[in-house]
1. Criterion first (in a helix (DSSP H, G or I) and either closer than 27 Å to L31 by Cα or of a type in the set (D, E, K, R) (or both)) does Q61 satisfy it?
2. Does L116 count as surrounded by fewer than 14 Cβ atoms within 10 Å (Cβ to Cβ), in contact (Cβ under 8 Å) with a residue 24 or more places away in the chain and more than 23 Å from L54 (Cβ to Cβ)?
3. Do you know which residues across the stretch 159-187 are on the phi < 0 side of the Ramachandran plot, polar (S, T, N, Q) and outside any helix (DSSP H, G or I)?
4. Take the stretch 128-152 and flag every residue that is assigned to a helix (DSSP H, G or I) and either in contact (Cβ under 8 Å) with a residue 60 or more places away in the chain or within 15 Å of I105 (Cβ to Cβ) (or both).
5. One residue is enough: does the stretch 89-96 have a residue meeting the conditions modelled with pLDDT under 95, of a type in the set (A, V, I, L, M) and closer than 23 Å to T165 by Cβ?
6. Starting from the stretch 157-184, take each residue that is modelled with pLDDT under 95 and list its partners that are of a type outside the set (S, T, Y), counting only C-beta distances under 6 angstrom and pairs at least six apart or across chains.
Amino acid sequence: MRSNLPSQPPSREEGGDGTVSRTVPPSHSVLSEATREAIVALKTKYPKVQSAILDALRLAQDEIGYVPTEASAEVAALLGVSPHHVHSLATFYTMFFTQPVGTAIVEVCDNLSCALWGSRRVLARLEQELGITVGETTPDGSVTLLRTIECLAACGGAPALRVNTTYHEKMTDEKITELVQELRKTT
């Protein structure tokens, strides 16, 4: 039986505070040198290095567009923490994507106010206009209809949705058509 594991285990030195010291050779890096330096600099920003993990994951995602396993392992190595811990945070928080996503990420509110005002209709119309279903990305990689979200805190503008960080409220079929046309132009 052939193993894909390296013949030698990675070097590991545990510190008294539970951190693990590892190095990732720059030739195997998925992050740019600037991002690597910014992540290392985070170690001095917080009293405990574990507090820097979310910021480091954000930096990695900002550069790559998502956080692949290789990036979370590199973040762990740069911060000197467990790769398993970093990966568990990357998969726990919905703000991090572990698979490629589109440039525009659409989330539709499905809480009570939005549901009563037609969030299911909004979602169906988006699926029709984009030609994808929830969880999918358009073939050109421009738009991901990511998910329904429990609450956008936009009850007064129901039904509401969010594209990246921009809220769109009181969505009608016409507004959805305009939004999709705009997304196709700008992404």
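The values are calculated or read from the model by the stated rules, or taken from the named source; none is laboratory data. Everything quoted here is computed from the prediction, not taken from an experiment. Note that each Cβ is placed from the backbone with ideal geometry, even for glycine, and that neighbours are counted across all protein chains shown.
1. Yes.
2. So L116 passes the test.
3. If the condition is that a residue be on the phi < 0 side of the Ramachandran plot, polar (S, T, N, Q) and outside any helix (DSSP H, G or I), then T165, T166, T172, T187 are the ones that fit.
4. L130
5. yes
6. Partner pairs satisfying both residue conditions: N164/I105; L183/A104; L183/V143.
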